[in-house]
Amino acid sequence: MTRRKPSPARPSRTSRKTRRPRTVRRPTAGARARILDAAIAEFAARGFEAASTNTIAREAKVAKGLVFHHFGSKEDMYLAIVEHLTERITEEVFAIDPMPSDLFERLHAFAIQKLRIFQRDPAAFQLLMTSTDAPASLREHLEKRRVSARCVTWPRFLEGLDTSRLRPGITLEDAIATLTILGIGIERTYLPQLARMPDRGQAALEAMTAEVWTHFERMRDGLYA
């Protein structure tokens, strides 16, 4: 009687080749930056209500789910973008060097700096200028953020400022209030002009700067002694 050869032993579970765990891809900072850029362009061009998160995802070359992973909702995305742009443009404006000590020269330098920033990034300015037309559900949040931003930027603006030439009876707050209205008027007058120019006003900036200064000089004659 022949004996059957024992079958070879199966390798134990521990000896089997183990599979590597599948790598989970995490969202990258580059994807978030692309989403921000695409969202700025979309909100600036179409406004909050008409802006499409599908378009934002397509332009950013990411899945739509990743958009909401980073920002939660369309409303949260809009608020985050306004805050991001406000901080970025504020830092660029305050990068003026040297910073003029005269009130009018400082405000004029700020106005010109804003015109230059607009030339480089018109979509960002367009979005910020139209943020006051955001839905009522967002306006309260936007106003709180504006107040918070002013609390930070106001002391920076006043630092090293010479107010000795103001007329008697005119306070710094009075002068700033008047000049703020002038600054808003300048932005609403000149930024649309720059937007319509093929080169965004590169060739006209010098003449525009001189014209803006003329407005500040007229106001200075009324506020300075």
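Where does each of 173-183, 115-125 land if you order them by average Cβ count within 10 Å, highest first?
Ranking the peptides 173-183, 115-125 by packing returns 115-125, 173-183.
How much length would be gained if the chain were fully extended between Ile181 and Lys144, taking 0.36 nm per residue of separation minus their Cα-Cα distance, in nm to one decimal?
11.2 nm
At what distance in nm do the modelled label points of Glu105 and Asp37 sit from each other, each positioned 7 Å from its Cα along Cα→Cβ?
It works out to 3.9 nm between the two label points.
Below 8 Å between Cα atoms, with a sequence gap of 6+, how large is the relative contact order for the chain in percent?
Reported as a whole number, the value is 21 percent.
Roughly what angle does helix 172-196 make with the longest principal axis of the chain, taking Cα atoms, 0 to 90 degrees, to the nearest 10?
Tilt relative to the chain: about 60 degrees.
Name the residues of region 58-77 whose amide N is less than 19 Å from a point 7 angstrom out from the Cα of Ser137 along the C-beta direction?
Answer for region 58-77: 67-77.
Roughly what angle does helix 103-120 make with the longest principal axis of the chain, taking Cα atoms, 0 to 90 degrees, to the nearest 10?
40 degrees
Can you sort Arg196, Arg220 from fewest to most other Cβ atoms within 10 Å of each residue's own Cβ?
Arg196, Arg220
Would you mind ranking Glu140, Glu87 by Cβ crowding within 10 Å, fewest neighbours first?
Lowest to highest Cβ neighbour count: Glu140, Glu87.
Given the Cα-Cα distance of Leu166 and Ala195 and 0.36 nm per residue of separation, how much length would full extension add, in nm?
That works out to 6.9 nm of additional length.
What is the total of Lys pairs in the chain with C-alpha atoms under 30 Å apart, excluding same-chain pairs fewer than 8 positions apart?
The result is 7.
Using only Cα atoms, what Kirkwood radius does region 29-114 have, in angstroms?
By the Kirkwood definition, the hydrodynamic radius is 14.5 Å.
Could you state the angle between the C-alpha long axis of helix 74-93 and the longest principal axis of the C-alpha atoms of the chain, as a value from 0 to 90 degrees rounded to the nearest 10?
Relative to the chain, helix 74-93 is tipped by roughly 50 degrees.
Once Rh for the chain is found with the Kirkwood sum over Cα pairs, what is the Stokes-Einstein diffusion coefficient at 4 °C and 1.567 mPa s, in µm²/s?
60 µm²/s
With each pseudo-label sitting 7 Å past Cα toward Cβ, what's the Glu49-Val152 distance in nm, one decimal?
Placing both labels 7 Å beyond Cα along the Cβ direction yields 3.1 nm.
How many nm is it between the label spots at Ala203 and Ala123, if each spot is 7 Å from the Cα in line with the beta carbon?
It is 2.6 nm.
GNM on the chain, C-alpha springs below 10 Å: top fluctuator among Arg34, Arg165, Arg145?
Looking only at Arg34, Arg165, Arg145, the biggest GNM fluctuation is shown by Arg165.
Sort Trp154, Trp213 so the one with the fewest other Cβ atoms within 10 Å of its own Cβ comes first.
Trp154, Trp213
Determine, from the Cβ-Cβ distance of Glu173 and Ala80 and an R0 of 35 Å, the FRET efficiency 1/(1 + (r/R0)^6), rounded to the nearest 0.05.
Rounded to the nearest 0.05, the efficiency is 0.65.
Bear in mind these aren't lab numbers, they're just calculated from the coordinates by the rules spelled out. What you are looking at is a predicted structure, and each value in this text was computed from that prediction instead of being measured. Counting neighbours? That spans all protein chains shown, and the Cβs are built from the backbone with ideal geometry, glycine included.
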